[in-house]
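Participant: This is the structure, below, for whatever I ask next.
The values are calculated or read from the model by the stated rules, or taken from the named source; none is laboratory data. Model, not experiment: these values are computed from the prediction. Here Cβ is always computed from backbone atoms with ideal geometry, including for glycine, and neighbour counts include all displayed protein chains. Heads up: the accessible areas ignore ligands, DNA and RNA and are worked out on the full protein's heavy atoms, side chains in. Shrake-Rupley method; radii C 1.70, N 1.55, O 1.52, S 1.80 Å.
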Amino acid sequence: MRPVALPFASLLVFLGLWQLLAASGTWSETLVPPPAKVWDAFVDVSTTHDGVRGYNGTTLVEHLGISLRRIALGAGIGIVAGVVLGLLMGTVGWLRSLFEPWITFLRTLPPLAYFSLLIIWLGIDEEPKVTLLAVAAFPPVAVSTTAAVTAVPKQLIEAARALGGSRWDVVRDVVAPSALPETLTGVRLAVGVAYSSLVAAELVNGLPGIGGMVKDAANYNNTPAVLVGIIAIGVSGLIIDGLLLRLERTVVPWRGRT
């Protein structure tokens with residue numbers, strides 16, 4: 001019961017401290033609303049109340065679903081591109097020397113640094129949002145895949161070639177399976193980076209969308225709705241990371257075992 005009891009206990013402690021802080025009167029309820037007000041905001045944005053459907057005519061589930069679709073498309077593109085380029089960079093030395101500085105340069109850029117440029121190039125519809133998420137998710141996968149490929153034991157590669165394996169056979173049967181654990185770790189990191197870039201991606205024309213909801217609610221000092229959106233992003237991120245971790249344990253069950 002410990003894996004369940006400890007997180008639940010920490011949640012209760014957090015809610016208790018939150019309630020004490022809100023009740024202390026140190027800050028106004030506009031800045032630190034009590035948990036009850038956040039719950040009321042959650043009910044309001046999740047249902048139809050007083051003739052108003054959700055937030056800006058869209059329920060919380062619909063906002064979250066639209067954002068998850070953007071993340072799936074953008075992060076999916078970035079992950080596929082990162083895996084392919086990582087395999088190439090790990091197996092072809094001159095490609096690594098050519099592209100590694102550019103990937104490092106891209107990895108160090110915050111999303112807001114180039115989002116305005118994407119808007120100029122691609123407009124304000126879905127294209128800049130998906131592109132930003134793809135660019136954010138690409139470097140972690142490329143870096144982890146490259147490192148995993150270069151770490152494959154040379155003895156395995158030489159043994160495969162000695163047995164008559166072609167370059168493609170070696171990549172498919174030796175390099176890719178050996179690099180898979182670290183690649184999946186890179187995928188988890190990429191999804192996390194895409195989540196952290198979600199609000200930035202939905203700064204412009206982000207409604208409907210959970211990040212756009214957070215940004216719009218912040219413009220009107222609607223702190224309870226902002227907290228609802230942040231909690232929704234965090235909880236959905238935890239669930240997806242748990243699913244990815246389960247996938248990793250299923251695909252590479254030997255990881256961490258001697």
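Participant: Answer yes or no as to whether R53 is open to solvent by less than 80 Å² (accessible area, probe 1.4 Å) and charged (D, E, K, R). Talk me through it step by step, then tell me what you get.
Facilitator: Working: open to solvent by less than 80 Å² (accessible area, probe 1.4 Å): no; charged (D, E, K, R): yes.
So R53 does not fit the description; no.
Participant: Whether any residue in the stretch 194-211 is under 21 Å from L85 (Cβ atoms) and either in a helix (DSSP H, G or I) or of a type in the set (A, V, I, L, M) (or both) is what I want to check.
Facilitator: Filtering the stretch 194-211 for residues under 21 Å from L85 (Cβ atoms) gives 194, 197.
Narrowing the set further to residues that are either in a helix (DSSP H, G or I) or of a type in the set (A, V, I, L, M) (or both) leaves 194.
Checking the stretch 194-211: at least one residue is under 21 Å from L85 (Cβ atoms) and either in a helix (DSSP H, G or I) or of a type in the set (A, V, I, L, M) (or both).
Participant: Let me ask you something else. Hey, does the stretch 128-147 have a residue that's over 24 Å from A217 (Cα atoms), open to solvent by less than 20 Å² (accessible area, probe 1.4 Å), over 19 Å from the mean Cα position of the chain (by Cα) and in contact (Cβ under 8 Å) with a residue 12 or more places away in the chain?
Facilitator: Yes, that holds for at least one residue.
Participant: For residues that are open to solvent by 70 Å² or more (accessible area, probe 1.4 Å) and under 21 Å from Y195 (Cβ atoms), scanning just the stretch 105-115, find the one that is modelled with the lowest pLDDT. Write out each step before concluding.
Facilitator: So the first thing to find is which residues in the stretch 105-115 are open to solvent by 70 Å² or more (accessible area, probe 1.4 Å), and the list is 105, 107-108, 110, 112.
Checking which are under 21 Å from Y195 (Cβ atoms) leaves us with 107-108, 110, 112.
Working: R107: 88, T108: 87, P110: 85, L112: 79.
Within the stretch 105-115, the match that is modelled with the lowest pLDDT is L112.
Participant: State which residue is most open to solvent (accessible area, probe 1.4 Å) when the search covers only the stretch 32-50 and only residues that are of a type in the set (S, T, Y) and outside any loop (DSSP other than H, G, I, E, B). Before the answer, list the steps.
Facilitator: Kept after step one, since they are of a type in the set (S, T, Y), are these residues of the stretch 32-50: 46-48.
From what is left, the residues that are outside any loop (DSSP other than H, G, I, E, B) are 46, 48.
On the way: S46: 40, T48: 92 Å².
Among them, the one singled out is T48.
Participant: Looking at the stretch 135-150, is at least one residue of a type outside the set (G, A, S) and in contact with a Phe, Trp or Tyr (Cβ under 8 Å, 6 or more places away or on another chain)? It would help to see each step written out before you state the result.
Facilitator: Filtering the stretch 135-150 down to residues of a type outside the set (G, A, S) leaves 135, 138-141, 143, 145-146, 149-150.
With in contact with a Phe, Trp or Tyr (Cβ under 8 Å, 6 or more places away or on another chain) added as a condition, the list becomes 135.
Looking for residues that are of a type outside the set (G, A, S) and in contact with a Phe, Trp or Tyr (Cβ under 8 Å, 6 or more places away or on another chain), one finds at least one in the stretch 135-150, hence yes.
Participant: Taking the stretch 189-248 on its own, how many of its residues are under 15 Å from L132 (Cβ atoms), open to solvent by less than 50 Å² (accessible area, probe 1.4 Å) and charged (D, E, K, R)?
Facilitator: Here the count works out to 1.
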